[in-house]
Amino acid sequence: MSTAAMSGSAPRVRGLARRRGVSIVMITLTCIAAALAVVPLVVILGYLLKQGAGALSLDFFTHMPVPVGEPHGGMANAILGTLLLIGLASVVGLPVGIGAGLYMAENRGTGLANLVRFLADVLNGLPSIVMGIFAWQFLVRPFGHFSALAGGAAIGAMMIPLVSRTTEEMVRTVPQSLREAALALGYPRWRTSLQIVLRTALGGIVTGVLVAVARVAGETAPLLFTALGNNFWSLNLSKPIAALPLQIFSYAISPYDEWHAQAWAGALVLIVLVLVISILARYVTRSRHGGGGD
Amino acid sequence: MPTMSFAPAGSAVPRQGPPVESPSIEGSVTADRIYRLSLLVFALCVPLLMLLIFVEVGAAAWPALHLFGLSFLTSSAWDPVKGQFGAAPAIVGTLLTSVIALTLATPLALGSAIFLSEFSPPWLRQPLSFLVDLLAAVPSVVYGLWAIFVMVPILRTGVMPFLRDTLHLGATPFFSGPAYGNSVLAAGMILAIMVLPYIAAVSREVLMAVPRAQREAALALGATRWEMIAGAVIPYARTGIFGGVILGLGRALGETMAVTMVIGNRHELSASLFAPGYSMASLIANEFSEATTDLHVSALMAIGFVLLIITLIVNGVARWMVSRMGAEVRA
């Protein structure tokens, strides 16, 4: 009887070995996939460091773009332009984003809150080039000239969905008891909302804002027909303005090696800016929630 | 209206912070109204923005759409001088590059998501997820720069001749013709790198949301680790993963700068992936500032409008699937 059982189990054991084999192979494949997924980041950052660092100098930060063949060219105006555009975008995007997020969190389940949430998600997937032609049609064409304001508004509009959704999520995590405590102490609703709820959720909201800023800092397509780019120093918001991504784009597709080197240097500066903001965003959340949150 | 009294006047405990002024209950009711109203106005900005985009782009696209009708979508003529505009090559180019991107990115993204949610040692999970997420933070124009100077030369001298001659795929129409480098294939490949983090992030989240009991039940029935994944975890997360892929598709369809920099910018329908082409977004990016006639501008707006509608549908479907997955898990 025991021999019968033994002989019966032999093929089953072989089957098990095969199944285990398949399992190990597949697990190894997922391992390789995970490793491969990180390769592009490492390779791209490596090239940026190699090509960008060589072309980077103090001149890059303090000088203006120069024609091909002249030394000491820089992107001072583009760096300033990008910072200015981020500021303009924040003026447009933050109040609306945070306000809409608060509305969604405080009016959960109502039809309008659901609609706003759905549309914010849809807007989040809107192609940036569509935002670009919209901004041109709405803010450039009627006035007859390109402007920094139009560019800032275009990328500010792109911040709204991101900021509003994070604000909503973060405000939702604030315990109801905290609101009730404030109301019971006689705080009016608006003070409860702004001073208790918003302040408690601030860490998460700051993270959302930083993520949104990091995203729009590198946006190029919405600026092509709005901010346009500018080879000269300009602080006039109603005039075209230079931006780092625009400058990288126009130098990258140019035929000159010198400009290519400048494009690499610009890309390095841009990516450092974006990565610093992204890492800062992580750090803010982590320090608030005691780690693990993302 | 009931009058509320605040902290008792004779309270022995000294108050911390500024006292709340009690005299104006009416005032705070008004303030509440103003506050609620301003939140409402901010919230209404979102639908308003959506509506504005739709109306403005639609209105600007109308002359071209009205003039060409449906043939705008099917015609491949593009001659600004003669006023002939057809979007077919750009639409096909957009779809083709997106399909290449998803084909390359989905297995990698899903594999890495499975690894991170199931097999990764805990100390590796956070940093690895972070690195994959960082990939999504790299600006499009930086991808484009890298693609022009690093990826395309490798394609031109290595990958394309290898596919065409060594693997003899040149016999098929899809991998034939001269290897310029700048091509539909190059655009698809850089898009694959760009959409990978989106698919990976959504897949990872939905896989992590699969209940433990689902895994334990499979293991208790004698499944190997892989059988557990394939038989119990992935079917459970299927809708969410699919939603993630569709979300990636939405990104790929609308991606502009990197594609513009490597797709080759040519109005021609070709079966070969080695041939240069156009995508809808890159066509707009490339020609918009040079468009001189009103009809040309309107035709580009019409392409933007078509792109807008396609991405709205794709994103709507993706959101719906991901949220349905969320509802299933919570139920």
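The values are calculated or read from the model by the stated rules, or taken from the named source; none is laboratory data. Here the structure is a predicted model, which means the values were calculated and not measured. FYI the Cβ positions are ideal-geometry reconstructions off the backbone, even for glycines, and counts take in every protein chain you see.
Descriptive notes on the structure:
- In the set (1) of a type in the set (Gly, Ala, Ser); (2) within 24 Å of B:PHE242 (Cβ to Cβ); (3) buried (at least 24 other Cβ atoms within 10 Å of the Cβ), B:ALA285 fails one condition alone, (2).
- Residue match in the stretch A:59-73 (condition: free of Cβ contacts under 8 Å to residues at least 60 places away in the same chain and touching an Asp or Glu at 6+ places or on another chain (Cβ under 6 Å)): yes
- Residue in the stretch B:12-20 that is within 7 Å of another protein chain (Cβ to nearest Cβ), modelled with pLDDT under 80, outside any helix (DSSP H, G or I) and surrounded by 12 or more Cβ atoms within 10 Å (Cβ to Cβ) present: yes
- Only one entry in A:LEU244, A:LEU237 is at pLDDT below 90, in the same structural domain as A:ARG141 (by TED's automatic domain parsing), on the phi < 0 side of the Ramachandran plot and of a type in the set (A, V, I, L, M, F, W, C), namely A:LEU237.
- Flag if B:VAL195 is touching a Lys or Arg at 6+ places or on another chain (Cβ under 6 Å) and closer than 29 Å to B:GLU255 by Cα: yes
- Tally, over the stretch A:197-246, of residues that are under 18 Å from B:MET261 (Cβ atoms) and either of a type in the set (D, E, K, R) or touching a strand residue (DSSP E or B) at 6+ places or on another chain (Cβ under 7 Å) (or both): 1
- Failed criterion for A:LEU49 (all others in (1) within 11 Å of chain B (Cβ to nearest Cβ); (2) touching a residue at least 40 places away in the same chain (Cβ under 8 Å); (3) out of contact with any Phe, Trp or Tyr (no Cβ under 8 Å at 6 or more places or on another chain) hold): (1)
- Subset of the stretch A:247-273 (residues that are of a type outside the set (Phe, Trp, Tyr), closer than 15 Å to B:THR260 by Cα and at the interface with chain B (Cβ under 7 Å from one of its Cβ atoms)): A:ILE248, A:ALA252, A:ILE253
Yes/no matrix, rows are residues, columns are (1) of a type in the set (A, V, I, L, M, F, W, C); (2) more than 16 Å from B:THR103 (Cβ to Cβ); (3) modelled with pLDDT of 85 or more; (4) surrounded by 24 or more Cβ atoms within 10 Å (Cβ to Cβ):
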| residue | (1), (2), (3), (4) |
| --- | --- |
| B:ALA147 | yes, yes, yes, yes |
| B:THR157 | no, yes, yes, no |
| B:PRO161 | no, yes, yes, no |
| B:ALA171 | yes, yes, no, no |
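- Restricting the stretch A:167-199 to residues that are hydroxyl-bearing (Ser, Thr, Tyr) and surrounded by fewer than 18 Cβ atoms within 10 Å (Cβ to Cβ), the residue that is farthest from A:SER128 (Cα to Cα) is A:SER177.
- Here is the figure for the stretch B:288-314: residues that are of a type in the set (Ser, Thr, Tyr) and either buried (at least 19 other Cβ atoms within 10 Å of the Cβ) or part of a helix (DSSP H, G or I) (or both) total 3.
- Search result, residues across the stretch B:45-72 that are more than 8 Å from chain A (Cβ to nearest Cβ) and under 25 Å from the mean Cα position of the chain (by Cα): B:LEU48, B:LEU51, B:PHE54, B:VAL55, B:GLY58, B:ALA61
- All conditions in (1) under 18 Å from B:ALA61 (Cβ atoms); (2) among the hydrophobic types (A, V, I, L, M, F, W, C); (3) over 24 Å from the mean Cα position of the chain (by Cα) hold for B:PHE274, with the sole exception of (1).
- Tally of residues being at the interface with another protein chain (Cβ under 10 Å from one of its Cβ atoms) and either at pLDDT 95 or above or under 23 Å from B:LEU51 (Cβ atoms) (or both) across the stretch B:289-305: 6
- Of all residues in the stretch A:242-249, one or more are more than 19 Å from A:ALA135 (Cβ to Cβ) and of a type outside the set (A, V, I, L, M, F, W, C).
- The stretch B:122-140 residues that are more than 7 Å from chain A (Cβ to nearest Cβ), paired with ones that are in a helix (DSSP H, G or I) and buried (at least 19 other Cβ atoms within 10 Å of the Cβ) (beta carbon under 7 Å, 6 or more apart): B:ARG125/B:LEU116; B:SER129/B:LEU116; B:SER129/B:ARG204; B:ASP133/B:PRO197; B:ASP133/B:ALA201; B:ALA136/B:PRO197; B:ALA136/B:TYR198
- Scanning the stretch A:221-246 for residues that are within 9 Å of chain B (Cβ to nearest Cβ) and part of a loop (DSSP other than H, G, I, E, B) turns up A:LEU224, A:PHE225.
- Number of residues in the stretch B:236-262 that are within 13 Å of another protein chain (Cβ to nearest Cβ) and over 15 Å from the mean Cα position of the chain (by Cα): the value is 3.
- Cβ-Cβ under 7 Å pairs, at least 6 apart or on other chains, the stretch A:186-206 side within 13 Å of chain B (Cβ to nearest Cβ), far side of a type in the set (Lys, Arg): A:THR192/A:ARG179; A:ILE196/A:ARG179; A:VAL197/A:ARG179
- Looking only at the stretch B:208-235, and only at residues there that are buried (at least 19 other Cβ atoms within 10 Å of the Cβ) and touching a residue at least 60 places away in the same chain (Cβ under 8 Å), the one that is nearest to the other protein chains (Cβ to nearest Cβ): B:ILE229
- Scanning the stretch A:247-266 for residues that are aliphatic (A, V, I, L, M) and over 11 Å from A:MET75 (Cα atoms) gives A:ALA252, A:ILE253, A:ALA261.
- Counting the residues of the stretch A:118-159 that are of a type in the set (Phe, Trp, Tyr), in contact with a helix residue (DSSP H, G or I) (Cβ under 6 Å, 6 or more places away or on another chain) and surrounded by 23 or more Cβ atoms within 10 Å (Cβ to Cβ) gives 2.
- Being closer than 23 Å to A:ALA33 by Cα and more than 7 Å from chain A (Cβ to nearest Cβ) is not true of B:SER112.
- Flag for B:ALA136 being closer than 26 Å to A:ALA252 by Cα, under 19 Å from the mean Cα position of the chain (by Cα) and surrounded by fewer than 21 Cβ atoms within 10 Å (Cβ to Cβ): yes
- The sole residue among A:SER193, A:SER278 that is in contact with a Phe, Trp or Tyr (Cβ under 8 Å, 6 or more places away or on another chain) and part of a helix (DSSP H, G or I) is A:SER193.
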